[in-house]
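Below you'll find the structure, written out as C-alpha coordinates, and then a few comments.
The values are calculated or read from the model by the stated rules, or taken from the named source; none is laboratory data. All of these numbers come straight from a predicted model, not from anything done at the bench. Reconstructed Cβ throughout: ideal geometry from the backbone, glycine too, with neighbour counts over all protein chains shown. Accessible surface is based on the protein model in full, side chains and every heavy atom, while ligands, DNA and RNA are left aside. Shrake-Rupley method; radii C 1.70, N 1.55, O 1.52, S 1.80 Å.
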Amino acid sequence: MREAALYEKLPGGAVRCLVCQWRCVIKPGKAGVCGVRRNRDGILEDLVYGLASSIAPDPIEKKPLFHFHPGTLVFSLGTWGCNFRCRHCQNWTISQTLPRGEGIRISPEASVELARRYGCQGIAWTYNEPTVWFEYTLEGAKLAKKEGLYTVYVTNGFLSEEALDLLGPYLDALSLDVKGFSDRFYMELAKVSRWRKVLEIAERAKRKWGMHVEIVTNVIPTMNDDEEQLRGIARWIRESLGPETPWHITRFYPHHLMRHLPPTPISTLERAYRIGKEEGLYFVYTGNLPGHPAESTFCPKCGKLVIQRFGYEIKILSLEDGRCAGCGADLNIRR
Ligand code: SF4
(Lines give C-alpha, C1' and ligand atoms only; values in the text may rest on other atoms or scores of the structure.)
Protein backbone atom coordinates (compact mmCIF):
# COMPACT_ATOMS: atom_id res chain seq x y z
CA MET A 1 0.00 0.00 0.00
CA ARG A 2 1.37 3.42 -0.92
CA GLU A 3 0.13 7.00 -0.96
CA ALA A 4 -0.82 7.97 -4.50
CA ALA A 5 1.34 10.45 -6.38
CA LEU A 6 -1.35 12.16 -8.40
CA TYR A 7 -4.43 13.31 -6.55
CA GLU A 8 -6.11 16.34 -5.00
CA LYS A 9 -7.53 16.74 -1.53
CA LEU A 10 -11.10 18.02 -1.50
CA PRO A 11 -13.30 19.42 1.29
CA GLY A 12 -14.78 16.92 3.73
CA GLY A 13 -11.96 14.39 3.46
CA ALA A 14 -12.75 13.46 -0.14
CA VAL A 15 -10.00 13.13 -2.78
CA ARG A 16 -9.87 13.32 -6.55
CA CYS A 17 -7.66 10.70 -8.20
CA LEU A 18 -5.89 12.11 -11.25
CA VAL A 19 -4.23 9.13 -12.89
CA CYS A 20 -6.98 8.25 -15.33
CA GLN A 21 -9.70 9.99 -17.28
CA TRP A 22 -12.42 9.06 -14.78
CA ARG A 23 -10.85 11.51 -12.31
CA CYS A 24 -12.85 9.80 -9.57
CA VAL A 25 -13.98 11.84 -6.59
CA ILE A 26 -13.62 9.37 -3.71
CA LYS A 27 -15.09 9.73 -0.26
CA PRO A 28 -13.29 8.41 2.85
CA GLY A 29 -13.43 4.62 3.03
CA LYS A 30 -14.36 4.26 -0.66
CA ALA A 31 -12.43 3.28 -3.79
CA GLY A 32 -12.46 4.61 -7.33
CA VAL A 33 -13.91 2.86 -10.38
CA CYS A 34 -10.80 0.65 -10.59
CA GLY A 35 -11.44 -0.70 -7.09
CA VAL A 36 -7.78 -0.56 -6.04
CA ARG A 37 -7.23 3.14 -5.33
CA ARG A 38 -8.86 3.91 -2.02
CA ASN A 39 -9.38 6.92 0.20
CA ARG A 40 -8.15 6.20 3.71
CA ASP A 41 -8.87 9.11 6.03
CA GLY A 42 -8.37 11.73 3.32
CA ILE A 43 -5.25 10.09 1.83
CA LEU A 44 -5.49 8.31 -1.53
CA GLU A 45 -3.73 4.96 -1.37
CA ASP A 46 -2.87 2.44 -4.03
CA LEU A 47 -3.74 -0.97 -2.62
CA VAL A 48 -1.73 -2.83 -5.24
CA TYR A 49 1.60 -1.02 -5.08
CA GLY A 50 4.24 -3.69 -5.69
CA LEU A 51 1.68 -6.50 -5.58
CA ALA A 52 1.70 -8.54 -8.77
CA SER A 53 -0.94 -11.05 -9.81
CA SER A 54 1.20 -12.38 -12.65
CA ILE A 55 4.80 -12.17 -13.82
CA ALA A 56 6.46 -13.78 -16.83
CA PRO A 57 9.23 -13.28 -19.38
CA ASP A 58 7.20 -12.94 -22.60
CA PRO A 59 8.13 -12.47 -26.23
CA ILE A 60 7.62 -8.78 -27.06
CA GLU A 61 5.43 -9.99 -29.96
CA LYS A 62 2.87 -11.16 -27.38
CA LYS A 63 2.09 -7.60 -26.19
CA PRO A 64 1.62 -7.24 -29.27
CA LEU A 65 4.50 -5.05 -30.43
CA PHE A 66 5.91 -6.07 -33.81
CA HIS A 67 8.08 -3.04 -34.59
CA PHE A 68 9.74 -2.62 -31.21
CA HIS A 69 12.83 -4.69 -30.39
CA PRO A 70 11.53 -7.67 -32.37
CA GLY A 71 12.59 -11.08 -31.13
CA THR A 72 13.39 -9.93 -27.57
CA LEU A 73 11.97 -11.06 -24.25
CA VAL A 74 10.18 -8.56 -22.04
CA PHE A 75 9.66 -9.04 -18.31
CA SER A 76 5.90 -8.68 -17.91
CA LEU A 77 3.98 -7.78 -14.79
CA GLY A 78 0.32 -7.32 -14.00
CA THR A 79 -1.67 -6.65 -10.87
CA TRP A 80 -5.41 -6.48 -10.12
CA GLY A 81 -8.10 -3.98 -11.09
CA CYS A 82 -9.08 -1.97 -14.14
CA ASN A 83 -10.83 1.27 -14.98
CA PHE A 84 -12.83 -0.38 -17.82
CA ARG A 85 -15.48 -3.09 -17.58
CA CYS A 86 -14.91 -4.89 -20.87
CA ARG A 87 -17.38 -7.70 -21.29
CA HIS A 88 -14.95 -9.74 -23.38
CA CYS A 89 -11.88 -9.35 -21.15
CA GLN A 90 -9.70 -12.44 -21.37
CA ASN A 91 -7.94 -11.49 -18.12
CA TRP A 92 -11.11 -10.77 -16.20
CA THR A 93 -10.03 -12.93 -13.24
CA ILE A 94 -7.43 -10.28 -12.40
CA SER A 95 -8.85 -7.15 -14.02
CA GLN A 96 -12.36 -7.36 -12.62
CA THR A 97 -11.52 -8.49 -9.11
CA LEU A 98 -9.74 -7.14 -6.06
CA PRO A 99 -6.38 -8.53 -4.93
CA ARG A 100 -6.52 -12.00 -3.51
CA GLY A 101 -4.14 -13.21 -0.83
CA GLU A 102 -1.87 -15.03 -3.24
CA GLY A 103 -0.18 -11.99 -4.86
CA ILE A 104 3.55 -11.76 -5.53
CA ARG A 105 5.34 -8.95 -3.65
CA ILE A 106 7.87 -7.43 -5.99
CA SER A 107 9.63 -4.11 -5.50
CA PRO A 108 10.57 -1.95 -8.51
CA GLU A 109 14.23 -2.89 -7.83
CA ALA A 110 13.35 -6.60 -7.83
CA SER A 111 11.43 -6.26 -11.10
CA VAL A 112 14.52 -4.83 -12.80
CA GLU A 113 16.73 -7.52 -11.29
CA LEU A 114 14.37 -10.30 -12.37
CA ALA A 115 14.16 -8.85 -15.87
CA ARG A 116 17.94 -9.18 -16.12
CA ARG A 117 17.98 -12.64 -14.58
CA TYR A 118 15.40 -13.90 -17.11
CA GLY A 119 17.42 -12.46 -20.01
CA CYS A 120 14.83 -9.79 -20.84
CA GLN A 121 15.71 -6.54 -22.56
CA GLY A 122 12.80 -4.61 -21.16
CA ILE A 123 9.87 -4.43 -18.74
CA ALA A 124 6.18 -4.32 -19.65
CA TRP A 125 3.27 -3.51 -17.35
CA THR A 126 0.53 -5.55 -18.90
CA TYR A 127 -2.18 -8.21 -18.30
CA ASN A 128 -4.44 -5.64 -16.58
CA GLU A 129 -4.56 -1.85 -17.00
CA PRO A 130 -1.17 -0.54 -15.75
CA THR A 131 -2.56 2.86 -14.82
CA VAL A 132 -4.08 1.41 -11.65
CA TRP A 133 -0.60 0.89 -10.15
CA PHE A 134 0.73 4.04 -11.73
CA GLU A 135 3.18 4.91 -8.93
CA TYR A 136 4.76 1.48 -9.06
CA THR A 137 5.13 1.55 -12.84
CA LEU A 138 6.65 5.03 -12.72
CA GLU A 139 9.29 3.99 -10.20
CA GLY A 140 9.95 0.79 -12.12
CA ALA A 141 10.29 2.69 -15.40
CA LYS A 142 12.79 5.14 -13.91
CA LEU A 143 14.94 2.29 -12.58
CA ALA A 144 14.62 0.27 -15.77
CA LYS A 145 15.82 3.16 -17.91
CA LYS A 146 18.78 3.69 -15.59
CA GLU A 147 19.69 0.03 -16.08
CA GLY A 148 19.42 0.21 -19.87
CA LEU A 149 16.13 -1.68 -20.20
CA TYR A 150 13.27 -0.58 -22.44
CA THR A 151 9.82 0.07 -20.97
CA VAL A 152 6.34 -0.70 -22.26
CA TYR A 153 2.72 -0.05 -21.25
CA VAL A 154 0.01 -2.32 -22.62
CA THR A 155 -2.97 -0.08 -22.06
CA ASN A 156 -6.54 0.86 -22.83
CA GLY A 157 -5.23 4.41 -23.24
CA PHE A 158 -7.57 5.95 -20.67
CA LEU A 159 -4.78 7.38 -18.52
CA SER A 160 -4.76 11.10 -17.83
CA GLU A 161 -2.52 13.65 -19.54
CA GLU A 162 -0.87 14.28 -16.17
CA ALA A 163 -0.02 10.60 -15.71
CA LEU A 164 1.27 10.32 -19.26
CA ASP A 165 3.44 13.39 -18.84
CA LEU A 166 5.04 12.00 -15.68
CA LEU A 167 5.75 8.71 -17.44
CA GLY A 168 6.81 10.41 -20.66
CA PRO A 169 10.57 10.64 -20.05
CA TYR A 170 10.78 7.00 -18.92
CA LEU A 171 8.32 5.10 -21.12
CA ASP A 172 9.45 3.91 -24.55
CA ALA A 173 6.42 2.22 -26.09
CA LEU A 174 2.67 1.80 -25.90
CA SER A 175 0.64 -1.09 -27.15
CA LEU A 176 -2.66 0.76 -27.05
CA ASP A 177 -6.19 -0.54 -27.61
CA VAL A 178 -8.57 1.35 -29.81
CA LYS A 179 -11.39 -1.05 -29.16
CA GLY A 180 -13.88 0.38 -31.63
CA PHE A 181 -14.89 3.69 -33.08
CA SER A 182 -18.34 4.64 -31.80
CA ASP A 183 -19.87 5.94 -28.59
CA ARG A 184 -22.37 3.14 -28.60
CA PHE A 185 -19.75 0.42 -28.91
CA TYR A 186 -17.51 1.72 -26.11
CA MET A 187 -20.53 2.10 -23.84
CA GLU A 188 -21.85 -1.39 -24.60
CA LEU A 189 -18.49 -3.08 -24.31
CA ALA A 190 -16.73 -1.24 -21.51
CA LYS A 191 -19.21 1.23 -19.98
CA VAL A 192 -17.06 4.16 -21.11
CA SER A 193 -18.43 7.32 -22.72
CA ARG A 194 -15.45 9.67 -23.13
CA TRP A 195 -13.50 7.09 -25.11
CA ARG A 196 -12.12 9.66 -27.57
CA LYS A 197 -9.67 10.68 -24.85
CA VAL A 198 -7.87 7.44 -25.73
CA LEU A 199 -7.11 8.83 -29.18
CA GLU A 200 -5.75 12.06 -27.70
CA ILE A 201 -3.48 10.12 -25.36
CA ALA A 202 -2.07 8.04 -28.22
CA GLU A 203 -1.38 11.21 -30.20
CA ARG A 204 0.23 12.95 -27.23
CA ALA A 205 2.42 9.91 -26.46
CA LYS A 206 3.75 9.93 -29.97
CA ARG A 207 4.00 13.67 -30.67
CA LYS A 208 5.00 15.05 -27.29
CA TRP A 209 7.05 12.16 -25.95
CA GLY A 210 8.24 10.37 -29.07
CA MET A 211 6.96 7.03 -27.79
CA HIS A 212 6.67 4.12 -30.16
CA VAL A 213 2.94 3.41 -30.52
CA GLU A 214 1.17 0.36 -31.95
CA ILE A 215 -2.62 0.16 -32.06
CA VAL A 216 -4.62 -2.98 -31.25
CA THR A 217 -8.25 -3.72 -32.10
CA ASN A 218 -9.88 -6.97 -31.06
CA VAL A 219 -12.49 -7.50 -33.75
CA ILE A 220 -15.69 -8.80 -32.13
CA PRO A 221 -18.45 -10.24 -34.34
CA THR A 222 -21.51 -7.92 -34.55
CA MET A 223 -19.94 -5.39 -32.15
CA ASN A 224 -17.15 -3.55 -33.94
CA ASP A 225 -16.72 -5.44 -37.21
CA ASP A 226 -18.72 -3.00 -39.32
CA GLU A 227 -17.08 -1.07 -42.13
CA GLU A 228 -17.63 2.31 -40.48
CA GLN A 229 -15.77 1.52 -37.25
CA LEU A 230 -12.92 -0.38 -38.87
CA ARG A 231 -12.42 2.29 -41.50
CA GLY A 232 -12.71 4.98 -38.83
CA ILE A 233 -9.88 3.43 -36.79
CA ALA A 234 -7.65 2.91 -39.82
CA ARG A 235 -8.22 6.46 -41.05
CA TRP A 236 -7.56 7.93 -37.62
CA ILE A 237 -4.28 5.98 -37.36
CA ARG A 238 -3.13 7.25 -40.75
CA GLU A 239 -4.14 10.86 -40.16
CA SER A 240 -3.15 11.21 -36.51
CA LEU A 241 -0.27 8.82 -35.94
CA GLY A 242 1.00 8.27 -39.47
CA PRO A 243 0.72 5.43 -42.00
CA GLU A 244 3.87 3.79 -40.58
CA THR A 245 2.01 2.98 -37.33
CA PRO A 246 1.29 -0.76 -36.98
CA TRP A 247 -2.36 -1.78 -36.57
CA HIS A 248 -3.05 -5.19 -35.01
CA ILE A 249 -6.47 -6.62 -35.75
CA THR A 250 -6.83 -9.58 -33.45
CA ARG A 251 -9.22 -12.48 -33.40
CA PHE A 252 -11.84 -12.46 -30.66
CA TYR A 253 -12.41 -15.63 -28.64
CA PRO A 254 -15.43 -15.95 -26.34
CA HIS A 255 -14.53 -14.96 -22.76
CA HIS A 256 -16.07 -13.61 -19.59
CA LEU A 257 -19.51 -12.08 -20.34
CA MET A 258 -19.32 -12.60 -24.09
CA ARG A 259 -19.29 -16.34 -24.36
CA HIS A 260 -22.39 -16.30 -26.53
CA LEU A 261 -20.51 -14.87 -29.53
CA PRO A 262 -18.43 -17.04 -31.89
CA PRO A 263 -14.72 -16.45 -32.58
CA THR A 264 -14.12 -13.85 -35.28
CA PRO A 265 -14.38 -15.44 -38.73
CA ILE A 266 -11.07 -15.36 -40.60
CA SER A 267 -12.87 -13.67 -43.51
CA THR A 268 -13.78 -10.75 -41.20
CA LEU A 269 -10.16 -10.25 -40.17
CA GLU A 270 -9.12 -10.39 -43.82
CA ARG A 271 -11.72 -7.73 -44.61
CA ALA A 272 -10.38 -5.56 -41.78
CA TYR A 273 -6.89 -6.10 -43.18
CA ARG A 274 -8.03 -4.91 -46.63
CA ILE A 275 -9.69 -1.86 -45.08
CA GLY A 276 -6.47 -0.96 -43.27
CA LYS A 277 -4.51 -1.25 -46.49
CA GLU A 278 -7.11 0.72 -48.49
CA GLU A 279 -6.84 3.49 -45.93
CA GLY A 280 -3.12 3.66 -46.60
CA LEU A 281 -1.61 1.91 -43.55
CA TYR A 282 1.76 0.31 -44.30
CA PHE A 283 1.61 -2.33 -41.57
CA VAL A 284 -1.61 -4.18 -40.75
CA TYR A 285 -1.31 -7.44 -38.82
CA THR A 286 -3.76 -10.16 -38.02
CA GLY A 287 -3.44 -11.53 -34.48
CA ASN A 288 -4.40 -14.85 -32.88
CA LEU A 289 -4.16 -16.49 -36.31
CA PRO A 290 -0.77 -18.28 -36.22
CA GLY A 291 0.62 -18.94 -39.67
CA HIS A 292 -1.52 -16.38 -41.49
CA PRO A 293 0.61 -14.41 -44.02
CA ALA A 294 -0.67 -11.14 -42.52
CA GLU A 295 1.38 -11.86 -39.35
CA SER A 296 4.60 -11.08 -41.20
CA THR A 297 6.21 -7.75 -42.07
CA PHE A 298 6.65 -6.90 -45.73
CA CYS A 299 8.42 -3.78 -46.94
CA PRO A 300 5.70 -1.38 -48.14
CA LYS A 301 8.03 -0.05 -50.83
CA CYS A 302 9.64 -3.09 -52.48
CA GLY A 303 7.43 -5.88 -51.09
CA LYS A 304 10.32 -7.88 -49.60
CA LEU A 305 9.57 -10.17 -46.65
CA VAL A 306 11.39 -8.45 -43.78
CA ILE A 307 10.25 -10.35 -40.68
CA GLN A 308 8.58 -13.72 -40.92
CA ARG A 309 6.32 -14.69 -38.03
CA PHE A 310 4.50 -17.79 -36.91
CA GLY A 311 2.74 -16.94 -33.67
CA TYR A 312 5.52 -15.67 -31.42
CA GLU A 313 8.29 -17.30 -33.47
CA ILE A 314 10.06 -14.81 -35.65
CA LYS A 315 12.82 -14.78 -38.27
CA ILE A 316 14.40 -11.48 -39.15
CA LEU A 317 15.25 -11.81 -42.82
CA SER A 318 15.93 -8.43 -44.32
CA LEU A 319 16.40 -5.66 -41.78
CA GLU A 320 19.21 -3.15 -41.28
CA ASP A 321 18.98 -0.35 -38.70
CA GLY A 322 15.18 -0.43 -38.81
CA ARG A 323 15.18 -0.24 -42.61
CA CYS A 324 14.48 -2.71 -45.37
CA ALA A 325 17.79 -4.32 -46.30
CA GLY A 326 16.52 -4.62 -49.88
CA CYS A 327 15.54 -1.05 -50.75
CA GLY A 328 16.41 1.00 -47.65
CA ALA A 329 12.81 2.05 -46.85
CA ASP A 330 12.23 3.20 -43.27
CA LEU A 331 10.05 0.55 -41.60
CA ASN A 332 9.50 2.32 -38.27
CA ILE A 333 11.19 -0.53 -36.42
CA ARG A 334 13.04 0.29 -33.20
CA ARG A 335 15.82 -2.04 -32.10
S1 SF4 B 1 -7.24 5.09 -11.53
FE2 SF4 B 1 -8.99 5.95 -12.61
S3 SF4 B 1 -10.65 4.58 -11.97
FE4 SF4 B 1 -9.02 4.29 -10.48
S5 SF4 B 1 -9.48 5.72 -8.82
FE6 SF4 B 1 -8.07 6.75 -10.23
S7 SF4 B 1 -9.41 7.91 -11.58
FE8 SF4 B 1 -10.70 6.36 -10.60
Would you mind checking 145/191; 62/315; 142/208 for any pair whose Cα atoms are more than 26 angstrom apart?
145/191
Calculate the dipole size of the range 155-311 relative to its Cα centre from +1 charges on Lys and Arg beta carbons and -1 charges on Asp and Glu beta carbons; express the result in debye to the nearest 20.
180 debye
Among the chymotrypsin sites (Phe, Trp or Tyr not before Pro) in the range 111-211, which ones are in a DSSP loop with at most 15 other Cβ atoms within 10 Å of the Cβ? Mind listing them?
118
So the angle from the long Cα axis of helix 134-146 to the longest Cα principal axis of the chain, reported in degrees to the nearest 10, equals 60 degrees
Figure the gain on full extension for residue 30 and residue 325 (residue separation times 0.36 nm, minus the Cα-Cα span) and round it to one decimal in nm.
100.6 nm
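How much FRET efficiency would the formula 1/(1 + (r/R0)^6) give for residue 191 and residue 147, where r is the Cβ-Cβ distance and R0 is 30 Å, rounded to 0.05?
The computed FRET efficiency comes out at 0.20.
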Could you give the size of the charge dipole of the range 51-295 about its Cα centre, using +1 on the Cβ of each K and R and -1 on the Cβ of each D and E, expressed in debye and rounded to the nearest 20?
240 debye
How many nm separate the modelled label positions at residue 109 and residue 56, each set 7 Å beyond the Cα in the direction of the Cβ?
2.9 nm
Need the full-extension length gain, residue 259 to residue 308, defined as separation in residues times 0.36 nm minus the C-alpha distance. One decimal, nm.
14.4 nm
What are the ³J(HN,Hα) couplings of the range 170-181, residue after residue, when phi is run through the Karplus curve with 6.51, -1.76, 1.60 and θ = phi - 60°? Round to Hz, x for glycine and proline.
10, 10, 8, 8, 10, 9, 10, 7, 10, 6, x, 9
Helix 266-278 vs. the chain, principal-axis angle (Cα, 0 to 90°, nearest 10)
80 degrees
With angles folded into 0 to 90 degrees, how steeply does helix 108-117 sit against the dominant principal axis of the chain? Use alpha carbons for both and round to 10.
30 degrees
Rounded to whole Å, give me the distance from the Cα center of the range 137-206 to that of the range 93-117.
20 Å
Exactly which GluC sites (Glu not before Pro) in the range 94-174 are in a DSSP loop and have at most 13 other Cβ atoms within 10 Å?
102, 147
Per residue, what accessible area does the chain have, given a 1.4 Å probe and all protein chains present, in Å²?
41 Å²
If you place +1 on the Cβ of every Lys and Arg and -1 on the Cβ of every Asp and Glu, how big does the dipole about the Cα centre of the range 274-335 come out, in debye to the nearest 20?
80 debye
Zone of residue 183 (label point 7 Å along Cα→Cβ, backbone N under 16 Å): which residues in the range 196-223?
196-198
